[in-house]
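Notes follow the structure.
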């Protein structure tokens, strides 16, 4: 080994540092990343941290933002919900980040919200969730229930003729609210109470024998049965293993999941699960050039051809692009200016069509239903004709159907009550 | 490039010769294959029906490839390809000609997609095609796949096959299929009722579903009554097997608790060390399984046999290390021991986080532990749980033998009962302490191997079991191995019988409350140690 290449590399590094400092003389724009890198949610959230870092790197290669470089600040809230609030405070007060990309579980988002509102921070939340919320300081780039749960149930009813429903979830706010909405929706459609079974399990639950056996029994009552699963985190692995071992096939009792994507499936052998379903706004198997470009970019960044892409990554991608556009449009990273500039931003979906940021801080996106394949990918078996605008407040719950979120002038309210004409101020 | 051209030539020759020579059916079969590449999901089934109707010899392999999700087509010329994953690399074959070709990029091929409806259609079509297979298992499976979709023509076909059939399993499947067919669509009420009576002996969910349907929707009241009677008979059996199932679940949970707690029964129960790092010994065992599987990638089926001794040694050595470096300095100071071992547990968790990443690791299940032992259509015992139940009992018996029949066991009991006296008799108490702690930790490591098959292998694995382990040991009576066994199975069964009534979360709470009350009444657990040594 000669000294020459090293010297060359060194001089190049020095030169580029000098160049970039010359070109971008100002302080960096700080991007906070608030995803669990350990604990029960690490299986899902680590990927999102890497996605944000990839987008930051790409933006820097393209010359930064407003002539300034981007700098990612990564913290680890360790799947510990109260720690999310502490880490968010640390990001906003000590690191003074301009924007936060973060959170997966709703309980962690709810824990961050008061901090965001108090310190007027800005957060992009990239995961499907239960709705019933619209904060001035949060943009929700994942699906609201009407963009995931409701279309999924419609698909099961109309295409598969399902009449009996098991709503199985992890015991926390997202599954409980989603199941409340679904139960109200199913009751509206005339499903009898005895045809709905609701079951909750703790995080990281591993002994699924009796629950799967109950589902089998519930499903052998003469009516087509399906499981709507809001089970979150690593509990899914033993759940699907048990389904496979007890021989629950998708032909008899299909399971449709809202929290299981390519990343969660990459951990194990999916051949016993072929045909079980998931509802998302994006699948890696989407046949579109913009999607293939994204996958190639991801593989090049992570250096591993076997890594998969998934829906929350797309949501992170859309959120990041929109934020960049909004900052450019506003000409500043000031939270209030960016927040107003965000509304109406458009970015091409990886799954087709264009995502629009609506006035309620939710996106318009298409809804896809996929079936699990033996290679851990999803086969898209159904999709909505166009994009579906996200609805912050569910139309199926008596307490929220008269509520409306609109953050544009003149209303500027997260929960405007259309019946009384008032804005109560508390948005969650 | 030359090779590709040559291949293209070959393919052209193969493609064109039969079309010229053969009749219309073949060409329409080819047309249908072409249509298959253009159809969307809703239009696929009619095409498949037409393909089945052509009776072309390739249909079975076509449907099988499609069902396996391996059928693709080249976007450029719509030629069907089968892409099969062989040991991690995709092998591309032209479906009709069978010639192997160079792998293509993912943008150049498109998959022929199937959904659940199509999969149902395909498996029943494959069933129809395999009815005359030479394998009895295939024949039986073929008949069973037809249960709900039987039409008049296939029913006649089945009746004909029944006359030639000699295999009892296949005969029983055919009888079931025919009974279901006549219960649904026989001409006379009497025939329907006879068929329903036959069905009342069967436990297949398909038969039950049909009876439910008849009970609700049959036109004739006599048929409805017969269906109700048959369902009542079936439900009796189903309820019985349901209890058997729950008992098995309870035993299985009990065996997991036993494996988790049995090591603690030594370190806490016999030695009296409050070992908060016990859960981490389980975790070390589970990670050892993972490493062993990494080291022998082609031999997943045998890796567990290597992992068991390896986990025992790894966890045991860690145990001895902890005992030598920390615990021996803290004899008779339970509070300090508790804090010190808790610290060790945090250190070990952070250690695996640093070495293996905080993400869960994937431990593969060997083939012989996947699937289930089907006793009848409503009662099946999963192999992994069954294996672990037996394994737990073997470990328990082995430990019992060590404690009761070996010199080490004698020393351990002597030291734990009266340290000073044992020392006076010439027992090297230090060495015995270290070995005992190593034994307990090693056994915990073996428990970890079993747990790796059931739950996620991650840094937090131990945390999930430490409370349960202490619960079992305290409930069973500290210092009593047999008590640990009884306690583990009692708690497991109680939990599983409560779960369907109260839900998972409440069931664990109720069990905990029960133990608290029980300990109030009998502070020394189920089987307290007696005699002066216990004081």
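In the stretch B:132-210, counting only helices (runs of 4 or more DSSP H) that sit wholly within it, the ones holding 1 or more residues that are over 35 Å from the mean Cα position of the chain (by Cα), outside the structural domain of residue B:64 (by TED's automatic domain parsing) and at negative phi span B:152-164, B:168-185, B:189-199. Identify, please: which residue in the stretch A:183-218 is more than 15 Å from residue A:255 (Cα to Cα) and touching a residue at least 40 places away in the same chain (Cβ under 8 Å) and is, among those, nearest to the other protein chains (Cβ to nearest Cβ)? Here the answer is A:204.
This table checks each residue for (1) assigned by TED's automatic domain parsing to the domain that holds residue B:444; (2) under 30 Å from residue A:45 (Cβ atoms); (3) touching a helix residue (DSSP H, G or I) at 6+ places or on another chain (Cβ under 7 Å).
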residue: B:294; (1), (2), (3): yes, yes, no
residue: B:322; (1), (2), (3): yes, no, yes
residue: B:326; (1), (2), (3): yes, no, yes
residue: B:333; (1), (2), (3): yes, no, no
residue: B:338; (1), (2), (3): yes, no, no
residue: B:365; (1), (2), (3): yes, yes, yes
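Considered as a group, the residues in the stretch B:336-374 that are without any contact (Cβ under 8 Å) to a residue 12 or more places away in the chain and under 30 Å from residue B:240 (Cα atoms) include one that is farthest from the other protein chains (Cβ to nearest Cβ), and that residue is B:374. Take residue A:328 and tell me if it is more than 20 Å from the chain's Cα centre (by Cα) and assigned to a helix (DSSP H, G or I). Taking the combined requirement at face value, the residue satisfies it. Give me a count of the residues in the stretch A:370-428 that are part of a strand (DSSP E or B) and either within 28 Å of residue A:117 (Cβ to Cβ) or away from chain B (no Cβ under 14 Å) (or both). So the answer is 13.
In this structure, residue B:247 does satisfy being surrounded by fewer than 20 Cβ atoms within 10 Å (Cβ to Cβ) and within 29 Å of residue B:398 (Cβ to Cβ). Counting the residues of the stretch B:85-119 that are under 27 Å from the mean Cα position of the chain (by Cα) and either buried (at least 19 other Cβ atoms within 10 Å of the Cβ) or at pLDDT 85 or above (or both) gives 5. Inspect all residues belonging to the stretch B:282-290 and state whether any of them is assigned to a helix (DSSP H, G or I) and surrounded by fewer than 24 Cβ atoms within 10 Å (Cβ to Cβ). Taking every residue of the stretch B:282-290 in turn, at least one turns out to be assigned to a helix (DSSP H, G or I) and surrounded by fewer than 24 Cβ atoms within 10 Å (Cβ to Cβ). The one condition from (1) at pLDDT below 95; (2) away from chain B (no Cβ under 12 Å) that residue A:165 does not meet is (1).
If the condition is being within 30 Å of residue A:80 (Cβ to Cβ), outside any helix (DSSP H, G or I) and at pLDDT 85 or above, then the stretch B:352-411 contributes only B:363. Answer yes if at least one residue in the stretch B:24-33 is modelled with pLDDT under 85, within 25 Å of residue B:138 (Cβ to Cβ) and assigned to a helix (DSSP H, G or I), and no otherwise. Yes, the stretch B:24-33 has at least one match.
Filtering B:266, B:262 for residues that are part of a helix (DSSP H, G or I), closer than 17 Å to residue B:320 by Cβ and more than 11 Å from chain A (Cβ to nearest Cβ) leaves a single hit, B:266.
Applying the set (1) buried (at least 17 other Cβ atoms within 10 Å of the Cβ); (2) in a loop (DSSP other than H, G, I, E, B); (3) modelled with pLDDT of 90 or more to residue A:206 leaves exactly one unmet item: (3).
Within the option set A:221, A:235, being within 11 Å of chain B (Cβ to nearest Cβ) and at pLDDT below 85 holds for one residue only, A:221.
Scanning the stretch B:482-507 for residues that are buried (at least 19 other Cβ atoms within 10 Å of the Cβ), in contact (Cβ under 8 Å) with a residue 12 or more places away in the chain and within 11 Å of chain A (Cβ to nearest Cβ) yields B:492, B:495, B:496, B:498, B:507.
Flag: residue B:185 does not match the condition of being touching a residue at least 24 places away in the same chain (Cβ under 8 Å), under 26 Å from residue A:224 (Cβ atoms), more than 14 Å from chain A (Cβ to nearest Cβ) and crowded, with 18+ Cβ neighbours inside 10 Å.
The numbered conditions (1) part of a helix (DSSP H, G or I); (2) away from chain A (no Cβ under 14 Å); (3) within 21 Å of the chain's Cα centre (by Cα) are all true for residue B:298 except (1). Scoring residue B:142 on the criteria (1) without any contact (Cβ under 8 Å) to a residue 60 or more places away in the chain; (2) crowded, with 19+ Cβ neighbours inside 10 Å; (3) within 11 Å of another protein chain (Cβ to nearest Cβ) leaves a single failure, condition (3).
The values are calculated or read from the model by the stated rules, or taken from the named source; none is laboratory data. All values reported here derive from a predicted model rather than from experimental measurement. Using ideal geometry, Cβ is built from the backbone for each residue, glycine included, and neighbour counts are taken over all protein chains shown.
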